[in-house]
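The values are calculated or read from the model by the stated rules, or taken from the named source; none is laboratory data. Keep in mind that this is a model prediction, so the values were computed, not measured. As a convention, Cβ positions derive from the backbone with ideal geometry for all residues, glycine included, and neighbour counts pool all protein chains shown. Keep in mind that these areas ignore ligands, DNA and RNA; they rest on the heavy atoms of the full protein, side chains included. Shrake-Rupley method; radii C 1.70, N 1.55, O 1.52, S 1.80 Å.
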Amino acid sequence: MADEEELAHVLKKLHMLFDGLEDLVYVADPQTYEILFANDKFKELFGAEVVGRKCYEVIHGRKAPCPFCTNKYIFGENIGKTHLWEYYCKKKGRWYKCIDRAISWPGNKYVRFEMAVDITSHKETERALAESERRYRNLVEAAPDVIYTISSDGKIVSLNPAFERITGWKCEEWVGKPFVEIIHPDDVFEAVENFRKTLAGKPEPVELRIRAKSGEYLVGEFISVPLIENGEIVGELGIARDVTSRRKYEEELQNVSTTLRALVQAIPDIVYFKDVEGRNLIVNSAFEKLVGLKASEIVGKRDEEIFPRDLAEQCRKSDEIVLRNGVAVRVEEYTVNEKGEKRFFDTIKVPVFDKEGKVVGLIGVSRDITERKLIEEKLREREEFFRSVVENSHDGIAIVDENFRVAYSNNVLAEILGYSKDEITGQDFRVFLAEESKSLFATDKLREQAKQHKGQVFSSTYELKIKRKNGEEGIIEVKATTLWDAHGKMRTIAQVLDVTQRKKLEEERKIFEARLSELNKHAQKLNKARSLKEIYRLTLDAMEKTLGFEYASLLMVEENVLRLVAHRGYSKIFSLKLSIDEDKGITVRAVRTGRAVYVPDVRKDPAYVKGGERILSELAVPMKVGKKVLGVLNVESQRLDAFGEDDKKLLEVLASHAAIAISNLKRQEKLAALNAYGRKLGKAKSVEEVCKQTLNAMQKILGFKYVDFFIVAGKKLRLINSLGLSRPLKLVLPLDGEKGITVRAVRSGRAVYVPDVRKDPAYVDAGISGILSELAVPIKLGDRVLGVLNVESERLDAFDDEDRRFLEIMASHVAIAITNIERTQSLAAMTKKLENLLIGSAKIMTIKDAHKRIRKIAEVIQKFGWRRVVIGRVDENLNRKELITVGLTREEIKLLRERQAPGHVWRERFSPAFDRFKIGEFYYIPWADPWAREHVFGVPPDMPTEEAIKHMRTVPSRLSEENMVDWHPQDLLYAPLRTPEGKIVGILSMDDPVDGRKPTKESLMPLEIFLHLAAVIIENADLMESLEKARKELEIYANQLEEKVEERTRELKEMHDKLLKAQRLAVIGELAGMVGHDLRNPLTSIAGAAYYLKRRLSQLGDERIMEMLDLIEKNIAYSNKIINDLLDYSREVKLDITETNPENVVNEALAVVEIPSNIKVVKLVDKKPKMKADSEKLKRIFVNLIRNAVDAMPKGGTLTIKSMKKGDSVVFTVSDTGVGMTKEVMEKLWTPLFTTKAKGMGFGLAICKRFVEAHGGTITVESAPGKGTTFTVTLPLEPKMEEGGENVWVKTLESSLWTTTKT
Amino acid sequence: MGENARILIVDDDENIRKVLTMILEDEGYKVDQAETAKQAIEKTRKNFYNLALIDIRLPDMEGIELLTKMKDTVPRMRKIIITGYPTLQNAIEAVNRGADAYILKPFDVNKVLATIKEQLRKQEEERRYSQEKVAEFIETRVRELEAEKITQKRP
């Protein structure tokens, strides 16, 4: 059992092992073929239910055991052997390798075990390998060439069928034999060598002869590779191609003419032989070299295969001619190598005939002529170039041979020498030289030189004098270059330059420069000259001594005149003045034209001014600085045309030196004068003074004729003064206008120069005829333009930069001076103002009367430069209460009162909408502002000012716009007078500024003090006034106060008492109400009990018992009444209003009360008027009153009831003739629970009073003891419902009681 | 008929209950008492009363509220409110809540008796009226049916 168990265990393990395998496993009984076990893989392939089925059925789908069953290999004597086989499963299309073996199995038997491994992919590979082997074999077998292998010991291993076909041997005859035996004996050595190389891994192709079976030798081309097995070279694998036929042909040709071949090879030219097909059959080494290929590579190929297409084509053409026509041709051919270099060939092609005379080919010989061609080309180019250089050279060129004869000369040289080319050629070159130059070229000397430099190129430069054909001498510069030609002959090329003219000029130049340098030396002296006189003297010195002029003079331009100021050389002293405007005098012409004027013959010039000497020629040179002509230097001569260009130039130089010296001197003088002027200007006290000094300086220092002085005033440019005019001129130009060159200067802030005013539309003709140019320079300080200095001239373009500069200097002096004056003035004004301020303030403080103080303020403000000042006191609505004016006429004051703006307008003027007009605390409303024009002045913005003034809301100014700078007479300036708390108590307005200027923050600043001062004064005045008023009121009040206090105290006390009483009563009422209410229940039961007793006891007939019981009932009723009154009194009174009338009221009451017979009732009651009231309440009032009256008359009397309408009320009176009351009683009459009667009424009258008062009426009583009592009830026709008056005490009486009961 | 009427007195004041009971019993009424509203509701549920005298203030409930409840449970029962001090508001409310009459404290016994008698009479009248109504209805219906029969025979 244990064994079996163990067995089962082992089997199980085995099964598990097999199940885990990738391969198919099964176990089958060899006898029954039943499958005993199959692993999962097997089941996967053949199905889960395989165990127990026949193996042949399952695996092969057979019905009987397989014929190939392998059992025989593993059972019987083969037990323990493993049988391997392969099996192709059709079902799966896969190959398996099966491993079969007998294994022992439970039941003590051997079973068949088979394991199948999937080898499909392996099988696939094997098949592919077999296929490739087959193909390879086919290839080898079918190859046209012999494929062989040789082992390393040189024995033939394999041969393919091609061997048999080519050689005629059977392969078997050679396989295994040494290969050398088949090789031609002559080639054996080479073959062995080649074989060795292959074995060494370095195979080379080789040609060897092989012995065929026929005995003849075949030429084979062998290509081999080492045969490698397991990484070692074990032999040779080779392919041999039969080239016997090719070789043969070659050989044949070779044999044709070995000598020819040798010859051909030796020729440096390219030689080739082509057959009729154009194939190159023989080429020599030159050919090989040309194409870079070996002969073996070329032979048999056509040109197309060797050369590029176009080259081949060129050859083919000539080849064709030769081959077709059988004639020789000579052509030039070329080739191009890969670098693009061309080579040229001179080719001769000759046809080759066979014995029959048929063309069989051609022989070509090509000579490389590239070098020659290039040289030829270069030479041609060189020659061309050389010729053109020589012919076109600016220099003369000569070629001199070894015999010093001119071999060649160009046109230029011919020109230089004055001979023709032909005349020159062949002559000894020395012929053309002047004597002194000839000596340089002695023949011996030249020969010696040539000897020294034999074979060398050498050159030298000479300056030589020549003799021209016409006998003139000339100077030439020669550069001679000597060289040697190929024949060793000397050639000298001379480059000749004609420097005759230059030399001459140089000579002249030297003289000129000498004079010039002299002059320049002089100029230095000129520059150091301290006076004009010195300059004149030095200038004349230079003219006379340095320049060597005989007659020299110096003239200066003075305004419109040219005046002679100095002269030399003339026999007598004379003076001369020439008008520049007249055409008289050569010098004048020089001034006018600004250029040197030379008159070679003065007799022919009508402008010449005759002097004492016999002058024939004259040269006048202007002294100029820039365009400006200062004067003239003039020289004269008694010779005709005595002055040359150099004279002119030198004189011009001198003139410019002199001019500079003069102008420098003048400038210095002007500057000095300007400085002096500036210093003087600094002391000027007024703008007028500045103007006067400046205009003078402009004329005197700067020499201007027409000078103007403009000042900027507001938006206008005003001419202050001018000089040079015959009559004073008034000129005001608007700055925003188009007119005035001066205006342009202001606007641009720069000098404006108009050389021709006729062309400038802005020019203002101020009445001076003939003004042609104008220069306006702004008077500027920083960016601010204060005015303009203006100069005018009758000449065109009369002013230059210097004028502008001087004017600018002047203008800056003026600017400083004016600014200083302005400052001084404003300082003085400020000082004055401050003084006014101080004095004013001091004065203001001493004035007690508010009105006068304000007036004083106005006056002080006036002193600050405002002609008209208005201060208005205003109330809290800003309406003016009082006006204080200064500087206004009576009419203006009247107008002001008429036109003064109401408070709300002022309020608006101080609103944020006006903030843009604010300057400090002031509001400045410019007339020019269109919005202000409409909203403040109340006139349309486009209405002309003259018209607008008549309609505007404000008071117009008397002043005209002309008197103002930038203030418009209608401008408005005002400020609120604010107390420190910000309350506006007054308004200050002022206008007509004395300086005509717009106010600025700075100018208004001092005035702001007054704003506050005035505000405080006004406020004080207001306060004082109200204080006074208050004081008076207080006085009266104080007198009344005592009385009032007393009265009030009394009232208060009464009120207090009433309140206390009311409170007390309220409490009592509440309490009473509660008590009363709770008394009801006992009363009820008493009443019930009494009733019961009365009923029961009535049968007894006892009178006294009955009487007692009646008494009980009566008192129960009375108690109940008291309780009801109490509750009534303590209850809130609510009126239920209906319409009724006095009669009804009284009748209803009388109906209730039993009137004893001893009382007479007098009823004087009307039906009218109708009244609204709570009838029930009225009934109770009158019941009460009537009862009281009845009670008051126990002994009888008269009850009188009256009613009468009185206004809106009805008055009832209820009078009795009873006992009356004392005063004490009357006082307490209305108090609840007070009664004079033993039984008392308790609440009666108190309730009456409440009810009456609830209707808004009154109840009073009049009485005296013994005189009866009268109650008067006054009720309104319609009750005034008094809410909350006595709105009273216990609202929810019952609930509170209920609460008490419960507890 | 009055002699046999049953009256319920609802009042927390024992004295009043006692006195009233004595008087009413003397008058021949059958009298029952309830001290609280709760007791009153219980008693009216159990027993039949022709009339109830209800104090306006009860320890556990306002009399008027009790009225409201009883109006639904015992609508036929006559309800008289006894109040200390009638105000218009009180009266209106009492009637609205189903009181048939009210009497004042402290009451005049004669008036109380008269009121009770009056209410009981009204109750009797109502009862009779409703009985008559039923009879009248039956009679009318019978006549109508007869008339129908006639009309049916006619065609």
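Specify the residue that is surrounded by the most Cβ atoms within 10 Å (Cβ to Cβ); the eligible residues are those in the stretch B:75-94 that are away from every other protein chain (no Cβ under 14 Å) and modelled with pLDDT under 85.
B:R76
Go through (1) at positive phi; (2) in contact with a helix residue (DSSP H, G or I) (Cβ under 8 Å, 6 or more places away or on another chain); (3) loosely packed, with under 14 Cβ neighbours inside 10 Å one by one and return the number of the condition A:G982 breaks.
(2)
Modelled with pLDDT under 80 and either over 30 Å from B:T21 (Cβ atoms) or more than 14 Å from chain B (Cβ to nearest Cβ) (or both): does that describe A:G1197?
Working: modelled with pLDDT under 80: no; either over 30 Å from B:T21 (Cβ atoms) or more than 14 Å from chain B (Cβ to nearest Cβ) (or both): yes.
It is false that A:G1197 is modelled with pLDDT under 80 and either over 30 Å from B:T21 (Cβ atoms) or more than 14 Å from chain B (Cβ to nearest Cβ) (or both).
For the stretch B:11-19, indicate whether the set of residues that are more than 14 Å from chain A (Cβ to nearest Cβ), more than 30 Å from A:Y1129 (Cα to Cα), crowded, with 17+ Cβ neighbours inside 10 Å and not basic (K, R) is non-empty. Break it down stepwise before answering.
Just the residues of the stretch B:11-19 that are more than 14 Å from chain A (Cβ to nearest Cβ), to begin with: none.
No; the residues of the stretch B:11-19 include none that is more than 14 Å from chain A (Cβ to nearest Cβ), more than 30 Å from A:Y1129 (Cα to Cα), crowded, with 17+ Cβ neighbours inside 10 Å and not basic (K, R).
Is the stretch A:229-237 home to any residue that is at pLDDT below 85 and closer than 29 Å to A:A295 by Cα?
Looking through the stretch A:229-237, at least one residue is at pLDDT below 85 and closer than 29 Å to A:A295 by Cα.
Quick check, is B:K30 among the basic types (K, R), under 20 Å from B:K117 (Cα atoms) and open to solvent by 40 Å² or more (accessible area, probe 1.4 Å)? Break it down stepwise before answering.
Numbers: among the basic types (K, R): yes; under 20 Å from B:K117 (Cα atoms): yes; open to solvent by 40 Å² or more (accessible area, probe 1.4 Å): yes.
Here the answer is yes, as B:K30 does meet what is asked.
I'm trying to understand the selection: among the residues of the stretch A:656-701, which are more than 15 Å from A:V814 (Cα to Cα), surrounded by 21 or more Cβ atoms within 10 Å (Cβ to Cβ) and in contact with a strand residue (DSSP E or B) (Cβ under 6 Å, 6 or more places away or on another chain)?
The answer is A:A658, A:A659, A:I662.
How about the stretch B:33-49: which of its residues are among the aliphatic types (A, V, I, L, M) and more than 14 Å from chain A (Cβ to nearest Cβ)?
Within the stretch B:33-49, the subset among the aliphatic types (A, V, I, L, M) is B:34, B:37, B:40-41.
Selection gives B:A34, B:A40, B:I41.
Cβ-Cβ under 9 Å, sequence separation 6+ or interchain: first residue in the stretch B:8-21 and β-branched (V, I, T), partner part of a loop (DSSP other than H, G, I, E, B) and open to solvent by 20 Å² or more (accessible area, probe 1.4 Å). Which pairs?
Going by the 9 Å Cβ cut-off, the qualifying pairs are B:V10/B:E35; B:V10/B:T36.
Hey, among A:S1215, A:S1203, A:S1209, which residue is among the small types (G, A, S), open to solvent by less than 80 Å² (accessible area, probe 1.4 Å), modelled with pLDDT of 80 or more and within 11 Å of A:F1271 (Cβ to Cβ)?
That would be A:S1215, the only listed residue that is among the small types (G, A, S), open to solvent by less than 80 Å² (accessible area, probe 1.4 Å), modelled with pLDDT of 80 or more and within 11 Å of A:F1271 (Cβ to Cβ).
Checking the condition modelled with pLDDT of 85 or more, farther than 15 Å from A:F1271 by Cα and over 60 Å from the mean Cα position of the chain (by Cα), which residue from A:L1185, A:L1150 passes? Walk me through it before giving the result.
Details: A:L1185 fails: farther than 15 Å from A:F1271 by Cα.
Being modelled with pLDDT of 85 or more, farther than 15 Å from A:F1271 by Cα and over 60 Å from the mean Cα position of the chain (by Cα) holds for just one of A:L1185, A:L1150, which is A:L1150.
Considering only residues of the stretch A:622-655 that are surrounded by 17 or more Cβ atoms within 10 Å (Cβ to Cβ) and small (G, A, S), which is farthest from A:E544 (Cα to Cα)?
A:G631
Suppose the filter is within 26 Å of A:L1127 (Cβ to Cβ) and away from every other protein chain (no Cβ under 14 Å); does B:R97 pass it? Walk me through it before giving the result.
Numbers: within 26 Å of A:L1127 (Cβ to Cβ): yes; away from every other protein chain (no Cβ under 14 Å): yes.
Yes.
With part of a strand (DSSP E or B), at pLDDT below 85 and surrounded by fewer than 16 Cβ atoms within 10 Å (Cβ to Cβ) as the only criterion, which of A:S121, A:S104, A:S132 stands out?
Details: A:S121 fails: part of a strand (DSSP E or B); A:S132 fails: part of a strand (DSSP E or B).
Answer to the check: A:S104.
Taking interchain pairs and intrachain pairs at least six residues apart, which have beta carbon atoms under 6 angstrom, with the first residue in the stretch A:322-335 and part of a loop (DSSP other than H, G, I, E, B) and the second open to solvent by less than 70 Å² (accessible area, probe 1.4 Å)?
A:G326/A:P351; A:G326/A:V359; A:A328/A:V350
Among the numbered criteria (1) touching a helix residue (DSSP H, G or I) at 6+ places or on another chain (Cβ under 7 Å); (2) at pLDDT below 85, which single criterion is violated by A:I1112?
(2)
Looking at the stretch A:1075-1114 only, could you name the residues that are without any contact (Cβ under 8 Å) to a residue 40 or more places away in the chain and basic (K, R)? Walk me through how you get there before you give the answer.
Within the stretch A:1075-1114, the first condition is being without any contact (Cβ under 8 Å) to a residue 40 or more places away in the chain, and the residues that meet it are A:1081-1082, A:1084-1114.
Residues satisfying the conditions are A:K1094, A:R1095, A:R1096, A:R1104, A:K1114.
Can you work out which of the residues in the stretch B:44-73 that are of a type in the set (A, V, I, L, M) and not in a strand (DSSP E or B) is surrounded by the fewest Cβ atoms within 10 Å (Cβ to Cβ)?
Quick first cut of the stretch B:44-73, residues of a type in the set (A, V, I, L, M) only: B:51-54, B:56, B:58, B:61, B:64, B:66-67, B:70.
With the extra rule that they be not in a strand (DSSP E or B), the set shrinks to B:56, B:58, B:61, B:64, B:66-67, B:70.
Numbers: B:I56: 24, B:L58: 24, B:M61: 17, B:I64: 20, B:L66: 28, B:L67: 24, B:M70: 25.
Top of the filtered list is B:M61.
Applying the selection to the stretch A:363-396, what residues are open to solvent by 70 Å² or more (accessible area, probe 1.4 Å) and within 23 Å of A:V350 (Cβ to Cβ)? Before the answer, list the steps.
The first filter runs over the stretch A:363-396 and keeps only residues open to solvent by 70 Å² or more (accessible area, probe 1.4 Å), leaving A:367, A:371-372, A:374-387, A:392, A:394.
Once the filter is applied, which keeps residues that are open to solvent by 70 Å² or more (accessible area, probe 1.4 Å) and within 23 Å of A:V350 (Cβ to Cβ), the stretch A:363-396 yields A:R367, A:R372.
Any residue in the stretch B:56-72 that is away from chain A (no Cβ under 13 Å) sitting within a Cβ distance under 6 Å of a residue that is part of a helix (DSSP H, G or I)? List the pairs, counting only those 6 or more apart or interchain.
Pairs that qualify, where the first residue is away from chain A (no Cβ under 13 Å) and the partner is part of a helix (DSSP H, G or I), are B:L66/B:A37.
Is it the case that the stretch B:21-32 has a residue that's touching a Pro at 6+ places or on another chain (Cβ under 8 Å) and either of a type in the set (S, T, Y) or more than 14 Å from chain A (Cβ to nearest Cβ) (or both)? Walk me through how you get there before you give the answer.
Here is the first cut: in the stretch B:21-32, the ones touching a Pro at 6+ places or on another chain (Cβ under 8 Å) are none.
There is no residue in the stretch B:21-32 that is touching a Pro at 6+ places or on another chain (Cβ under 8 Å) and either of a type in the set (S, T, Y) or more than 14 Å from chain A (Cβ to nearest Cβ) (or both).
Condition first: touching a residue at least 40 places away in the same chain (Cβ under 8 Å), within 14 Å of chain B (Cβ to nearest Cβ) and either surrounded by 11 or more Cβ atoms within 10 Å (Cβ to Cβ) or part of a helix (DSSP H, G or I) (or both). Can you find one or more residues in the stretch A:995-1005 that meet it?
So far as the stretch A:995-1005 goes, no, none of its residues is touching a residue at least 40 places away in the same chain (Cβ under 8 Å), within 14 Å of chain B (Cβ to nearest Cβ) and either surrounded by 11 or more Cβ atoms within 10 Å (Cβ to Cβ) or part of a helix (DSSP H, G or I) (or both).
Quick one: what pairs do we get from the stretch A:717-743, first residue touching a residue at least 40 places away in the same chain (Cβ under 8 Å) and closer than 16 Å to A:G787 by Cα, second surrounded by 18 or more Cβ atoms within 10 Å (Cβ to Cβ) and polar (S, T, N, Q), C-beta under 7 Å, 6+ apart or different chains?
Hits for this filter: A:L717/A:T742; A:T742/A:N790.
Only one of these is of a type in the set (A, V, I, L, M) and farther than 18 Å from A:S793 by Cα: A:L729, A:L717. Name it. Step through it out loud before you land on a result.
Details: A:L729 fails: farther than 18 Å from A:S793 by Cα.
The unique qualifying residue is A:L717.
Looking at this structure, is A:E876 closer than 25 Å to A:L972 by Cβ and either aliphatic (A, V, I, L, M) or at pLDDT 85 or above (or both)?
No; evaluated as a whole, the condition is false for this residue.
So which of A:I925, A:I919 ends up being under 51 Å from the mean Cα position of the chain (by Cα) and closer than 17 Å to A:V869 by Cα?
Values: A:I919 fails: closer than 17 Å to A:V869 by Cα.
So the residue among A:I925, A:I919 that is under 51 Å from the mean Cα position of the chain (by Cα) and closer than 17 Å to A:V869 by Cα is A:I925.
What do you reckon, is A:P976 in contact with a Phe, Trp or Tyr (Cβ under 8 Å, 6 or more places away or on another chain) and within 22 Å of A:G938 (Cβ to Cβ)?
So A:P976 passes the test.
Count, please, the residues in the stretch A:41-51 that happen to be open to solvent by 40 Å² or more (accessible area, probe 1.4 Å) and not acidic (D, E).
Taking the stretch A:41-51 and keeping what is open to solvent by 40 Å² or more (accessible area, probe 1.4 Å), we get A:41, A:43-44, A:48-49, A:51.
Remaining after also requiring not acidic (D, E): A:41, A:43, A:48, A:51.
Residues that pass the stated criteria total 4.
Among what's in the stretch B:102-116 and is open to solvent by 20 Å² or more (accessible area, probe 1.4 Å) and of a type in the set (D, E, K, R), pick the residue that is nearest to the other protein chains (Cβ to nearest Cβ).
Ranking the qualifying residues of the stretch B:102-116, first place goes to B:D108.
Only residues that are in a helix (DSSP H, G or I), among the acidic types (D, E), away from chain B (no Cβ under 11 Å) and surrounded by fewer than 19 Cβ atoms within 10 Å (Cβ to Cβ): list them for the stretch A:1080-1127, please. Working first, answer last.
To start, the set of residues in the stretch A:1080-1127 that are in a helix (DSSP H, G or I) comprises A:1080-1097, A:1103-1127.
Filter again for among the acidic types (D, E), leaving A:1103, A:1107, A:1110, A:1113, A:1125.
Filter once more, so that each one left must be away from chain B (no Cβ under 11 Å): A:1103, A:1107, A:1110, A:1125.
Answer for the stretch A:1080-1127, where residues must be in a helix (DSSP H, G or I), among the acidic types (D, E), away from chain B (no Cβ under 11 Å) and surrounded by fewer than 19 Cβ atoms within 10 Å (Cβ to Cβ): A:E1103, A:E1107, A:D1110.
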